[in-house]
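The values are calculated or read from the model by the stated rules, or taken from the named source; none is laboratory data. As the structure is a prediction and not an experimental result, all values here were calculated from the model. Please note: Cβ atoms are built from the backbone with ideal geometry, for glycine as well, and neighbour counts cover all protein chains shown.
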Amino acid sequence: MVRCPPHPRLSAPIVTALAALVATSLTSAGRAVAQPGHPPPRGAAAPAAAAHAAAAPAPVEPAGTIVAIDAGELVIDFGARKGARDGDIVELWRPLRLKHPVSGKPLNERFRIGALRLVQVRGTLSLATLEGTATRAPATGDEVLVPGAHLAQAPVVAPSAPAASAAPAPTDPASPAAPAVEARPSDPDAEAVTALLKSLEGRAPGERAIAYGKFAAANGASPYARVLVEEARALMAAQEPPAPVYAVAEGGLRRARVGVAQRYTLEIDARFVGAVLHARRKGTPTYRSIPMGSVGARYWSAALPGDALAEPGLEYFVEGVLPTGVAVALVGSAESPRGAEVETLPTRVREPGQLAQVTLQSEIASFNVKKANDYVFQTEGSVGWRLQDVGIRAVRSGFGVLRGKGGSLRDLDELGLEPTSVGLTYGYVETELAPAPNLAFVLRPVIGLRDGGVTGGAQGFLRIGHDLHTNLSLGGEILGTVGQRGIVQLEWRTIPRVPILLRTEVTTQPSSSSDVGARVIGQVGYQFVRDLTVSARFSYQGRTINHAGPGAGLAASYQW
């Protein structure tokens, strides 16, 4: 929107200039007819020299520039504040800045490559599309001129003097001389300008400037084209009066979370009939516009959807809509938006503190893949509650099912005896005590049922490092008649969304044999959604080089 001092009728400079031009043109034409044979006025005998003297061009300032190209539409910094309106046709020029290969002097020029139609005009920016074809593909940096602005540099060619009339036929000296009649032939150029001025009575200065430019572009041979272009440039360059002050109270949009909808509320002046929130990811060129809904007198609100919030940050501004349809920037602007932090996505949990978690894991491990007589299959599930970093950190309860076969190497490999079957169904309660954030003790008493009755066991760990970050656990387990094992486990959580677990075991399981076996385990997980992680486990274990085999398993955890 262009704000200029009010013009109730016509601009005084153009009325004066045009009146003088029209009067001079008509008077000269009338005298030429009324006084045939008289020499033309001084200077009229050399129209080419006068035209050449008036042809010194002055640089034309572009009305705007292409600042971005978005989905086939051109974004230009020529908006309503400079007099632009939806549907206007503007010219597209390509600036060239070269260096002369011989003299080394800079050469600057611009060339017209096509025309644009303004399809959506805002306060400072407009969207435009190509009108017709262009000699070159539009690019950022191309300049936009109001139609006819380049004609301000063209010389005004004075109309040639009419040819002298033929000498009058001889008359009778005795008859009285006929009085001379001053002829006033019609001037199409003057009539066209007069019609233009009448059609623009009461129009805004910006509208008049655009109309002058269009007329000059369509009537380049008119002697009034130059003064029309000069008047259009003067109107466009008029300084705006101070912008009105509107009351604004912003609810604030300081911090946001990735993927979580964020509501934004604003209190604005009662003169506005609407508001629009424009937001974009920090570092991107285009905004996403979200109309705000009324939530009471002067209050407007909009919800930024979760997919609009992404790292590394958010930029936004708000425009209010007046009853006239004009949009006014109230909070920030397209050129200087406000900023809001977006919290980075945690690798495993929302934040330290209270957290509920459910886990389920299952694996099979073979100690003798050649004969399938020494293996263990175990499934375990748990539910727990994490309370705090220091003190009683967590409490968990779970169950497990263990099945397998085994025996001593002598019985299985040398004597070829049948393996012993092992079965245990058990439950446990686990407590984690943390004297410091990076140090904790995990204690788990176990009780279960086997074929021969009730049995028990225990498991314990020393955890070094925070349980929600990379940490190292050292511990062991005694489990009824199943056997014993010592454990070293590293949880590596430095890659976002990808927790990694490395584990080694020394064990006599599954049949409490005196022959010790070793296991190497690797587990990799992926956080598919915010609180769900699925992991795959691979292992290799054996008691001798010829009594060994692989293993595999799956695990899933959900936390909230």
Task: Filtered residues of the stretch 74-100 (kept if part of a strand (DSSP E or B) and either modelled with pLDDT of 90 or more or of a type in the set (S, T, Y) (or both)) - done: L74, V75, I76, I89, V90, E91, L92, W93, R94, P95
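Is one or more of the residues making up the stretch 545-555 modelled with pLDDT of 90 or more, under 28 Å from N438 (Cβ atoms) and in contact with a Leu (Cβ under 9 Å, 6 or more places away or on another chain)?
Within the stretch 545-555, one or more residues are modelled with pLDDT of 90 or more, under 28 Å from N438 (Cβ atoms) and in contact with a Leu (Cβ under 9 Å, 6 or more places away or on another chain).
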Task: Conditions (1) among the small types (G, A, S); (2) farther than 30 Å from L443 by Cα; (3) modelled with pLDDT under 85; number of the one not met by S333 - done: (3)
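Could you tell me which of the residues F317, F272 is under 13 Å from A340 (Cα atoms) and modelled with pLDDT of 85 or more?
F317
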Task: Hits in the stretch 456-508 - residues which are of a type in the set (D, E) and either without any contact (Cβ under 8 Å) to a residue 40 or more places away in the chain or more than 22 Å from G398 (Cβ to Cβ) (or both) - done: E477, E491, E505
Task: Residues satisfying the stated conditions in the stretch 403-422, i.e. surrounded by fewer than 17 Cβ atoms within 10 Å (Cβ to Cβ) and either on the phi < 0 side of the Ramachandran plot or under 60 Å from the mean Cα position of the chain (by Cα) (or both) - done: R403, R410, E414, L415, L417, E418, S421
Open item on the list: For the stretch 531-555, give me each residue that is farther than 17 Å from D374 by Cβ and crowded, with 16+ Cβ neighbours inside 10 Å.
Closed with: D531, T533, S535, R537, G553, A555
- [ ] Taking T494 as meeting all but one of (1) surrounded by 15 or more Cβ atoms within 10 Å (Cβ to Cβ); (2) not in a strand (DSSP E or B), write down the number of the exception.
- [x] (1)
